[in-house]
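Heads up: the structure comes next, in structure tokens.
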Amino acid sequence: MMLRKALLLKLFSAATMSRWNDKIRPVDLTELDKQAHKMILAYFIGKWEEERGPVDWVRVIEGGLFEFLQRVVLTDLKPPLFYKIKSDPSRYGRLNDWVGDELRPILSPLGAGFLKRFRDYFDEREDLLHRRVLDAAHISATRWEFDILYRMNPEGVEMAAIHERLSNARQGFADLKGVALILGDDASRRFVDLCGQLRFQIRWANIHRTPRTSVLGHSLIVAFIAYLFSIQVRACKVRSVQNFFTGIFHDLPEVLTRDVISPVKRSIEGLDALIKEYEIEMMEREFYGLLPPGWRPEMRLFAEDEFESIVMIDGVRRQVSSDEIMRLYNEDRYAPRDGEMVNASDRLAAFIEAYLAVRNGSAAPELHEALWAIRSEQAHREVGGIDLGGIYADFD
């Protein structure tokens, strides 16, 4: 099993897929950002469902990835047509067979088991909990976007019908506590809004770049890479899940401080540490209070100590290396989290952002410098069983 360039570029293709492109839009809304917001909402809704019983987070994550890839392939299908096809099991089955055939060349390096799980996913029952969590998150993220458009164009063509359809769809998930809280609880709504705000913070903002990925979209790419790295090295379930959600939330403090590029952080001694200190202070003041107290230690782990590799031994958190996790602690009972692997995923995502921008015509010297610096830093590393050199060699 190995993660290859073709799949990585397919993930990034969602950054160029505009949503609602037949409607008046005050900002560009992309499929990558929508899918990222959806997975944050899936975390929120799923965490509340854990009050009732266990949630299979691996199936939530893989379901999110499979739906993401399906959407990337079916980019030209408007939602009404897609749902009409989906209502006919025979036609929907043929459509997914075609999607599987289209994706087989880029998914096959991940192994036959992964490809089979992708195909089997779309034959599952709709009422399984992980499917309902994802469907509820999808509707909630779509409605969040629509509310922005509706304010701009309430009398526009189809707007009333779309409003009714989304409202009815969301009511179908009103039995899920997380959905009810998003609808009626101010703190929950602010959590959703703050995370969604990362859509509007563009990375490398002072540099002409195509595609212009946001902090939120970048976070989903990092999360997917970290998860795919995890299954590549046969990480235990807890490790795979924690790596994914660390990727999703690792840049969350930037909603309060904005994205500060690495050269600026390095330009003044101690500035990086000062920014980190300020981020933690702002998260304590503005963010953690929006979540139940029992969730806050986990969120601090995701958002503050994101690049530390840690395990739990006899109830005490211990910092280790990713290599030690591979050799000694790759079991759920140690609750391992590969911060080094998440960091490698973050650097790889940044490298591909620069690579795509240069390939698409940007001559900004900062991008060429970033390509050289990241490749020099990462291409000879092995992290937690992942040979990064082989991946960077794909981009030669």
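The values are calculated or read from the model by the stated rules, or taken from the named source; none is laboratory data. Worth saying up front: this structure is predicted, and the values here are computed from it rather than measured. As a convention, Cβ positions derive from the backbone with ideal geometry for all residues, glycine included, and neighbour counts pool all protein chains shown. Heads up: the accessible areas ignore ligands, DNA and RNA and are worked out on the full protein's heavy atoms, side chains in. Shrake-Rupley method; radii C 1.70, N 1.55, O 1.52, S 1.80 Å.
Tabulated data
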{"quantity": "Virtual spin-label span in nm between D22 and E366, 7 Å along Cα→Cβ", "calculated": "3.8 nm"}
{"quantity": "When each of K38/K78; K34/K116; K47/K78; K38/K177 is checked by Cα-Cα distance, pairs over 20 Å", "calculated": "K34/K116; K47/K78"}
{"quantity": "Enclosed volume per residue, in Å³, of the convex hull spanned by Cα atoms of the chain", "calculated": "147 Å³"}
{"quantity": "For segment 1-110: rounded, prolate or oblate by the Cα gyration tensor [a/c cutoff 1.5]", "calculated": "rounded"}
{"quantity": "Probe 1.4 Å - accessible area at L371, Å² to nearest ten", "calculated": "30 Å²"}
{"quantity": "Total charge dipole magnitude, the chain, about the Cα centre, Cβ charges on Lys, Arg, Asp, Glu only, Debye to nearest 20", "calculated": "900 debye"}
{"quantity": "Relative contact order (percent, whole number), the chain, Cα cutoff 8 Å, 6+ residue spacing", "calculated": "17 percent"}
{"quantity": "Inter-label distance, nm, simple model (7 Å from Cα along the C-beta direction), R234/R296", "calculated": "4.1 nm"}
{"quantity": "Gain in span if fully extended, K116 to E286, counting 0.36 nm per residue against the direct Cα distance", "calculated": "56.9 nm"}
{"quantity": "For segment 298-396, size of Cβ-based charge dipole, Lys and Arg +1, Asp and Glu -1, in debye", "calculated": "40 debye"}
{"quantity": "Net charge contributed by nearby residues that have their C-beta within less than 15 Å of E126 (K/R +1, D/E -1)", "calculated": "-3"}
{"quantity": "Gained length - R52 relative to I148, 0.36 nm times residue gap less alpha-carbon distance", "calculated": "31.2 nm"}
{"quantity": "Surface per residue (accessible, 1.4 Å probe) for the chain, Å²", "calculated": "44 Å²"}
{"quantity": "Alpha carbon convex hull of segment 46-120, volume per residue in cubic angstrom", "calculated": "121 Å³"}
{"quantity": "Cβ-derived FRET efficiency at R0 35 Å, R4 paired with Q197, nearest 0.05", "calculated": "0.55"}
{"quantity": "Charge tally in the Cβ shell below 10 Å around R59, where Lys, Arg are +1 and Asp, Glu are -1, R59 excluded", "calculated": "-1"}
{"quantity": "Exposure ranking of M17, M1, M39, M326 by accessible area [1.4 Å probe, largest first]", "calculated": "M1, M326, M17, M39"}
{"quantity": "Gyration tensor over alpha-carbon atoms, segment 113-210, equivalent ellipsoid semi-axes in Å", "calculated": "26, 22, 16"}
{"quantity": "Accessible heavy-atom area order of Y83, Y334, Y150, highest first, probe of 1.4 Å", "calculated": "Y83, Y150, Y334"}
{"quantity": "Of A141, A373, A223, the one that fluctuates the most in a GNM where the chain has Cα springs shorter than 10 Å", "calculated": "A373"}
{"quantity": "Difference of contour (0.36 nm per residue) and Cα-Cα distance, D305 to E164", "calculated": "46.5 nm"}
{"quantity": "Loop-resident sites, segment 328-373, for GluC sites (Glu not before Pro), counting at most 16 other Cβ within 10 Å (DSSP)", "calculated": "E331"}
{"quantity": "At R0 = 51 Å, FRET efficiency that the Cβ-Cβ distance of R190 and S90 yields, to 0.05", "calculated": "0.70"}
{"quantity": "Point-to-point label distance, E124-D101, nm (Cα→Cβ direction, 7 Å offset)", "calculated": "2.6 nm"}
{"quantity": "Overall form of segment 86-143 per C-alpha gyration tensor (a/c, 1.5; a/b vs b/c)", "calculated": "prolate"}
{"quantity": "Residue of A169, A137, A349 that the Gaussian network model of the chain assigns the largest fluctuation, springs spanning Cα pairs under 10 Å", "calculated": "A169"}
{"quantity": "Modelled FRET efficiency - R0 35 Å, K78 with D394, Cβ distances, 0.05 increments", "calculated": "0.55"}
